[in-house]
Amino acid sequence: MEFCDIILSDIHHGLTILNKHDKGCDMMPLVLSPRKYPTMQGLSSLIVKEEKPSYIPHDLLFKKLLKTFFEQFIEVFFPNFYRNIDFQSVKFVSEEIIPDAFKADQRRVDIVVEAKWKSTDSLIIVHVESQSYVQKDFNERMFHYYCILYNKYRKPILPLALFTYDEPWNVDRFAIEFDTSKVVQFQYYPIHLKQLNWRDFMRVENPVSAALMSKMGYNEDERVKVTFEFVRMMQTLKIDRGKQEFLFQFFEMYLQLTEEEVEKLMAKIKRDPETFDLSSLPISFVERGKRIGREEGRKEGRKEGRLEGRLEAQELVAMNMLRDNFSIDQIMKYTSLDKERIRKLRDKL
């Protein structure tokens with residue numbers, strides 16, 4: 001099956017152009033019809049840009065996650081595309097910037113990858129955009145990206161989006177209409193993490209879905225369980241230490257347990273030593289585990305101290321009873337000492 005057949009019809013997404021050439025996936029140059037807003041506003045909106053500043057490094061975190069585990073991301077969330085992309089041919093080209101000529105600004109598209117499509121051995125462009133806040137015209141922005149990227153690379157574009165915010169907004173299409181005619185209809189492929197149930201991914205051995213469980217839908221009383229399953233997956237996945245530490249940091253950024261929840265988590269982990277190797281956990285988990293262990297040790301020490309004090313008191317009573325010529329059976333009745341212990345005390349007199 002041709003790539004354009006999939007992108008245009010089979011999976012119900014992609015870009016539909018009315019006057020499509022007969023050969024391959026070539027498209028006519030895009031001509032925007034008159035809009036409902038002034039010309040300069042329309043031109044300005046074609047520039048790739050961010051309209052809301054980010055004060056928390058969400059974008060950087062997600063870019064690093066997607067770039068480090070790009071193949072695993074496609075595998076778990078877009079299995080149809082995963083089967084058709086040649087990941088040996090993947091080349092990241094997202095470092096190029098797109099200028100905004102109207103605001104003297106510039107914007108880096110999140111992830112842009114060039115790769116081969118297996119069935120045709122032709123090159124395609126995969127564009128992945130992560131979005132951490134609601135933007136009502138995000139669908140239009142994705143279309144702008146599509147146009148700019150196509151104009152630059154002149155190859156089929158596969159547009160993907162990852163929504164990481166909690167709000168339910170999720171519009172995956174954009175259309176340009178003139179009078180009663182639809183000049184162009186555009187759709188992209190969104191993944192809205194909050195609308196996914198984390199339990200559907202708890203047995204999927206994939207580092208991306210494991211880390212992203214921290215942003216999926218779960219109840220407040222499931223926080224310890226979600227973290228426990230994440231830690232379990234980190235123990236089973238074959239990932240080098242540096243990447244594993246990044247995944248732990250990413251997860252803890254979005255799902256931070258309380259002290260009480262950490263104690264519950266560490267108790268669950270320590271009950272399963274065959275699965276969990278505490279030495280392989282990040283420092284934050286290890287240190288908290290040690291602290292809880294020390295506290296348990298202090299409690300045990302206090303318990304042992306109380307037992308030793310009680311034993312000494314009973315031996316003192318037994319010694320006094322022996323001096324008063326009480327029998328061993330009588331002493332056993334009024335203390336918890338056994339015969340052998342009482343005989344040894346008697347020999348000391």
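Residue count for the range 194-219, restricted to those that are closer than 22 Å to residue 158 by Cβ, in contact with a Gly (Cβ under 8 Å, 6 or more places away or on another chain) and not polar (S, T, N, Q): 1. Determine whether residue 222 is over 24 Å from residue 158 (Cβ atoms), at pLDDT 95 or above and surrounded by fewer than 21 Cβ atoms within 10 Å (Cβ to Cβ). Yes; evaluated as a whole, the condition is true for this residue.
Quick one: is residue 161 surrounded by 22 or more Cβ atoms within 10 Å (Cβ to Cβ), among the aliphatic types (A, V, I, L, M) and outside the structural domain of residue 76 (by TED's automatic domain parsing)? In short, no. Scanning the range 174-211 for residues that are in a strand (DSSP E or B) and surrounded by fewer than 14 Cβ atoms within 10 Å (Cβ to Cβ) returns 177, 178, 181, 182, 197. Annotation for the range 96-106: no member residue is at pLDDT 90 or above and either surrounded by fewer than 19 Cβ atoms within 10 Å (Cβ to Cβ) or in contact with a helix residue (DSSP H, G or I) (Cβ under 8 Å, 6 or more places away or on another chain) (or both). Can you tell me which residue in the range 314-331 is surrounded by the most Cβ atoms within 10 Å (Cβ to Cβ), limited to those that are farther than 16 Å from residue 347 by Cβ and touching a residue at least 12 places away in the same chain (Cβ under 8 Å)? Of everything passing the filter in the range 314-331, 314 is surrounded by the most Cβ atoms within 10 Å (Cβ to Cβ).
The values are calculated or read from the model by the stated rules, or taken from the named source; none is laboratory data. Not measured: the values here are computed from a predicted model. Every residue, glycine as well, gets a Cβ built from its backbone with ideal geometry; the counts of neighbours run over all protein chains shown.
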